[in-house]
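The values are calculated or read from the model by the stated rules, or taken from the named source; none is laboratory data. The structure presented is a predicted model; accordingly, all values stated were derived computationally and were not measured. Reconstructed Cβ throughout: ideal geometry from the backbone, glycine too, with neighbour counts over all protein chains shown.
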Amino acid sequence: MTATNGQTTLSIRDLHVSVEDAEILRGVTLDIPAGEVHALMGPNGSGKSTLANALMGHPAYDVTAGQVHFKGQDVLELETDERARLGMFLAFQYPAEIPGVRVASFLRLALNARRETEISVMAFRRLLMEKMQMLRMDPKFASRYLNEGFSGGEKKRNEILQLAVLEPELAILDETDSGLDIDALRIVADGVNRLRGSDLGVLVITHYQRLLNYIEPDRVHVLIDGRVVESGGKELAERLEAEGYERYGAAAASEDA
Amino acid sequence: MAVKDIDQVGLDTYKFGFHDDIQPVYTSPKGLSEDIVREISRQKDEPAWMLDFRLEALRQFERKAMPTWGADLSRIDFDAIHYYIRPQDRQARSWDDVPEDIKSTFDKLGIPEAERKFLAGVGAQYDSEVVYHSIRDDLEEQGVIFLDMDSGLREHEDIVRDYFGTVIPNGDNKFAALNSAVWSGGSFVYVPEGVRVEIPLQAYFRINAENMGQFERTLIIVEPGAYVHYVEGCTAPVYATDSLHSAVVEIIVKEGGRCRYTTIQNWSTDVFNLVTKRAVAYRDATMEWVDGNLGSKVTMKYPAVYLMEPGAHGEVLSIAFAGEDQHQDAGAKMVHAAPDTSSLITSKSISRKGGRTAYRGYVQVMPEAERCRSNVECDALLIDDRSRSDTYPYMDIEESDVAIQHEATVSKVSDQQLFYLMSRGLTQEQAMAMVVSGFIEPIVKELPMEYAVEMNRLIELQMEGSIG
Ligand SMILES: Nc1ncnc2c1ncn2[C@@H]1O[C@H](COP(=O)(O)OP(=O)(O)O)[C@@H](O)[C@H]1O
Ligand SMILES: [Mg+2]
């Protein structure tokens, strides 16, 4: 890992993103220094997943203006897999199902994709089992087909397992809390907390404040209608929990869903 | 996905496309005639009944029209083909005795190495003749016979005469008739009652000469309670002109016996591959065809199982992969001729770069074949919009007390799947290969480990250069 603490790992400048010619992000500016946890909150449809997808280079999301730099590199020039190998990671709100591909074989290939030398099968097995134990996952999980027939909670846990195994430098967690019961939420938060501290920058995208009780953010940003309208400390999340998004205007009316 | 134009890359990923400059000891002139059929039989010093079988087949071949219901076969020029090419005088029993240049071909293909590692026996056919054959001593002692078909006829004429042409008569279809007229090489396998051959027997088929027709003939007899797994692999050089491969495989599985026949067909894309494969299964016997079709220009192949007595079970597991200018017309045929028989057909096809796959299946239940069960599942995966897949499931059910299921799906690799895998650091090619290997996993996991690895490697090779 190259970033040192306090240095800005991710820098987003005036980012505009369109989906099917509709502008969803209308100038987002955000910095996530290495080692910090930032929360992005906002009502449904405000563009949170759009930001996550655009950061990772999803082809359906057109960046029409603005810049994104990660570790000093112009990310928008890079393909999705290059971004991943640079150290970016997205825990999906809706992970895709890949029938016939086992969790373990997929993860080994993914891990090898970002390593100079291949990890041995044995060493990988050990690493995987260790991380699965940390997340209290049944070892049988490793030989299931990737996301196929997973419950909502299993999908989310599987995303965090990948995060733990791949050890990126920036983790974007898109609504990882939805679909998790309170115990699972604790385990997942625990996993994330163990990874934080050193160089890992985290962007926790969430609709509710609940997750932030377990993963305490350094900063909180509020996204309304494709713009960051307010930023603050963790007390901002508590205030949003109490007051909702109404104070930011009519555009936020679709809050509950 | 930001897919770059496939043709920009245009990599030829077929790594078996080299050929050797070998002077065969005999090459029949191009074209087919009674003289050529007689000459083949004379060179092989065959009994009169076999010559009669060949000549009758030749008449059948000439009488039959070309099939028009499947792939386009109009490019086959029967007059431009050498029907018999004998690469050497004698067959080697020791690998060291195989002529150097032929040996180097098989070395490049990794053959004797494979044998040393995990096979019970190996046969290697080069053009028309089997150049090498071996079987483990312990199996030979148990009475297992694994020979090339010509030697089988010479050394075990009594057995061969009882079964040869009984499952697939010499006039069964135009290409079976052609094979019956000019057949050469192939395998003869006999497994005595109760003997279980736990590790596979493998045959390797190589076409080396240009404008070659390879017509191997395989006969497998599994006596009651016996088991064998036979594996064949096929490759050929890349030439500008077409070659023809037209095999006939007949299998008899007796009471309580089991036979698995695995094919990894990876012919170069100038080979017309028109093969007739059929098995009969008796009481409580099991016949399984595992069929991987990756190569060839055109393949038409529908492995069949005739379920003759109660308790017989037939399976076809097939994978077809069609790339540019390839047409894989593959499928299965199950004939339920007795009550309480069951069959399972699982077909997976992948088309890309404008390639075409078809599943053509036929399930027949004869009158009074009660309580039969048949399950057909065929899934097609399209890699791009230019490619094509068709399903032709035919059913002929003449009994009402049966359980027949048919399911067909067509899917595309979704952007969402590719994005997900790439977001973990996989390149687009790796991501695509992963989706494809997942798609065929239900079949690949049925292959012996070494072949499963090989299959996945071939798929990765196929996917190379398929995307930007
Ligand atoms: N792939 C897509 N195709 C079409 N519309 C989309 C797509 N992704 C997002 N949108 C639209 O963009 C807006 C923001 O969606 P999203 O980013 O998912 O919001 P959030 O994650 O904050 O709930 C919504 O109006 C949504 O319908
Ligand atoms: Mg969302």
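A few remarks follow.
- Listing of strands (runs of 3 or more DSSP E) fully contained in region B:199-315 that carry 1 or more residues being within 25 Å of residue B:445 (Cβ to Cβ): B:201-206, B:217-222, B:227-235, B:248-253, B:258-265, B:271-281, B:286-293, B:298-301, B:304-307
- Residues located in region B:320-376, provided they are buried (at least 21 other Cβ atoms within 10 Å of the Cβ) and part of a loop (DSSP other than H, G, I, E, B): B:323, B:326, B:338, B:341, B:352, B:355, B:369
- Residues located in region A:11-21, provided they are farther than 15 Å from residue A:227 by Cβ and within 16 Å of ligand 2 (Cβ to nearest atom): A:19
- Number of the exception - residue A:25 against (1) surrounded by fewer than 21 Cβ atoms within 10 Å (Cβ to Cβ); (2) of a type outside the set (Lys, Arg); (3) within 16 Å of ligand 2 (Cβ to nearest atom); (4) touching a residue at least 40 places away in the same chain (Cβ under 8 Å): (1)
- Evaluation of residue B:401 against (1) assigned by TED's automatic domain parsing to the domain that holds residue B:344; (2) crowded, with 20+ Cβ neighbours inside 10 Å (one fails), failing number: (2)
- Considering region A:182-210, and only residues there that are more than 13 Å from the chain's Cα centre (by Cα) and within 16 Å of ligand 1 (Cβ to nearest atom), the residue that is farthest from the other protein chains (Cβ to nearest Cβ) turns out to be A:209.
- Flag set for residue B:52, criterion: without any contact (Cβ under 8 Å) to a residue 12 or more places away in the chain, under 30 Å from residue B:146 (Cα atoms) and out of contact with any Asp or Glu (no Cβ under 8 Å at 6 or more places or on another chain).
- Residue within region A:63-72 that is within 16 Å of ligand 1 (Cβ to nearest atom) and loosely packed, with under 15 Cβ neighbours inside 10 Å present: yes
- Among the residues of region A:23-48, those that are within 16 Å of ligand 1 (Cβ to nearest atom) and β-branched (Val, Ile, Thr) comprise A:24, A:28.
- Selected residue (criterion: nearest to ligand 2 (Cβ to nearest atom)) from residues of region A:148-182 that are without any contact (Cβ under 8 Å) to a residue 60 or more places away in the chain and part of a helix (DSSP H, G or I): A:152
- In region B:380-468, counting only helices (runs of 4 or more DSSP H) that sit wholly within it, the ones holding 2 or more residues that are away from every other protein chain (no Cβ under 14 Å) and of a type outside the set (Gly, Ala, Ser) span B:449-463.
- Within region B:206-228, not a single residue is in the same structural domain as residue B:302 (by TED's automatic domain parsing) and without any contact (Cβ under 8 Å) to a residue 24 or more places away in the chain.
- Residues that are near ligand 2 (Cβ under 9 Å from one of its atoms) and surrounded by fewer than 22 Cβ atoms within 10 Å (Cβ to Cβ), drawn from region A:33-48: A:44, A:45
- Residue check for residue A:51: more than 10 Å from chain B (Cβ to nearest Cβ), among the hydrophobic types (A, V, I, L, M, F, W, C), under 16 Å from the mean Cα position of the chain (by Cα) and within 16 Å of ligand 2 (Cβ to nearest atom): yes
- Screening the candidates A:86, A:109, A:127, A:135 for the property of being facing chain B (nearest Cβ under 8 Å), away from ligand 2 (no atom under 16 Å from the Cβ), surrounded by fewer than 21 Cβ atoms within 10 Å (Cβ to Cβ) and not charged (D, E, K, R) yields one hit, A:109.
- Taking region B:35-144 as the region of interest, the helices (runs of 4 or more DSSP H) fully inside it that hold 1 or more residues being at pLDDT 80 or above, closer than 28 Å to residue B:231 by Cα and not hydrophobic (A, V, I, L, M, F, W, C) are B:48-63, B:137-141.
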